[in-house]
Amino acid sequence: MASTPTPFVILTGAGISADSRVPTFRGRDGFWNTYRVEELATPQAFNNDPDLVWSFYHWRRERIRSCQPNPAHETVAAIQQTHSAITIITQNVDGLHQAAGSVNTLELHGSLWRMRCCICGNRWEDRKSRTSIPSYPFCGGRARPDVVWFGETLDATLLQAAVEASISAACMLIIGTSGLVYPAASLPGEAQRAGATLIEFNREETTLTPGVDIHIAGRAAETLPRWWAQQRQHQSVSLDEG
Ligand code: BV8
């Protein structure tokens, strides 16, 4: 009788994309060192100066348009291919997990490559290079990036799925997140309280590090593929292949 696959979760942040040359938020070259988050990533900022906020998102879209998934994204996709009970939760909006082949990724903070109409709420994929804010063609409403700004609530269905996966997991890999942004930052604690082993992959120690079971220091593009190769070789982790 086939064994029931052990459910586990992978939670990622901007650090997993750093090796794809996508700027992080709080690191040495992070966005928020240059810009004030309140001026660019809040609904108030957008209402006050939509063109300024759009210029930030246009710059980010163009900045990461040519970025490719790195070995860490590829390893996440490879893990998903060998394990049927995995949930991938990302705070990233860059789409690199999907580009690496991951499917059903929970994009808690939305996507730079999706737009939303401010009037009717319709969403659509949009990868065009747009120096000015587009309008939704069917109702003429102003569009906005379909991302979650500070002070905005996350999609309740996505968040519920993320929490349920976290509290059901035997193991959570936490890759490239500072653990500073809520409610995503609460997921490792929820998982651990429900009995999960926490394995953190980060270049530095974070607010999460004191609480995790294993901290693997280094660049995720190097440490995650190496870790996964070791697991595959020794089959030593309770990630029974589904
Ligand atoms: C919410 C999308 C309910 C947009 C993002 C006051 C008023 C309002 C809200 C709050 C408030 N005080 C607190 C809050 C809650 C707030 C929050 O948590 N604030 C923090 C800053 C304290 N949260 C919210 O507002 C959320 N909504 O709570 O709604 C509510 C409503 C009203 C009032 C109260 C509550 C919405 C949060 C979502 C915000 N949107 N992004 C966009 O991208 O433009 S958040 C943004 O930060 C990104 O999504 C990013 O992913 C995310 C988290 O950051 P990280 O991914 O961790 O990235 P970071 O740069 O910080 O860290 C990178 C890590 O990687 C580092 O540790 C580094 O060491 C490591 N690293 C670097 N290179 C590598 C590496 N690791 C491995 N290898 C490498 N090579």
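The values are calculated or read from the model by the stated rules, or taken from the named source; none is laboratory data. Model, not experiment: these values are computed from the prediction. Please note: Cβ atoms are built from the backbone with ideal geometry, for glycine as well, and neighbour counts cover all protein chains shown. Protein only, heavy atoms only, side chains kept; ligands, DNA and RNA dropped before computing areas. Shrake-Rupley method; radii C 1.70, N 1.55, O 1.52, S 1.80 Å.
Looking at residue 96, is it crowded, with 19+ Cβ neighbours inside 10 Å and over 24 Å from residue 188 (Cα atoms)? So residue 96 does not fit the description; no. Annotation: of all residues in the range 1-31 being more than 8 Å from the ligand (Cβ to nearest atom) and among the polar types (S, T, N, Q), the one that is surrounded by the most Cβ atoms within 10 Å (Cβ to Cβ) is 17. Among the candidates 52, 96, 108, the residue that is modelled with pLDDT of 95 or more and out of contact with any Cys (no Cβ under 8 Å at 6 or more places or on another chain) is uniquely 108. Are any of the residues in the range 51-69 under 27 Å from residue 160 (Cβ atoms) and out of contact with any Pro (no Cβ under 8 Å at 6 or more places or on another chain)? No; the residues of the range 51-69 include none that is under 27 Å from residue 160 (Cβ atoms) and out of contact with any Pro (no Cβ under 8 Å at 6 or more places or on another chain). If I ask for residues that are β-branched (Val, Ile, Thr) and in contact with a His (Cβ under 7 Å, 6 or more places away or on another chain), which ones from the range 199-233 would you list? Correct list: 209 only.
Taking strands (runs of 3 or more DSSP E) as the structural unit, those lying wholly within the range 123-242 and holding at least 1 residues that are open to solvent by less than 10 Å² (accessible area, probe 1.4 Å) correspond to 143-147, 171-175, 197-202.
The listed residues are 231, 235, and the only one of them that is more than 15 Å from the ligand (Cβ to nearest atom), assigned by TED's automatic domain parsing to the domain that holds residue 17 and at positive phi turns out to be 235. Return the total of residues in the range 135-154 being over 11 Å from residue 116 (Cβ atoms) and without any contact (Cβ under 8 Å) to a residue 40 or more places away in the chain. Qualifying residue count, the range 135-154: 6. Check whether at least one residue in the range 127-134 is of a type in the set (A, V, I, L, M), assigned by TED's automatic domain parsing to the domain that holds residue 60, touching a Cys at 6+ places or on another chain (Cβ under 6 Å) and over 20 Å from residue 66 (Cβ atoms), and report yes or no. Looking through the range 127-134, none of the residues is of a type in the set (A, V, I, L, M), assigned by TED's automatic domain parsing to the domain that holds residue 60, touching a Cys at 6+ places or on another chain (Cβ under 6 Å) and over 20 Å from residue 66 (Cβ atoms).
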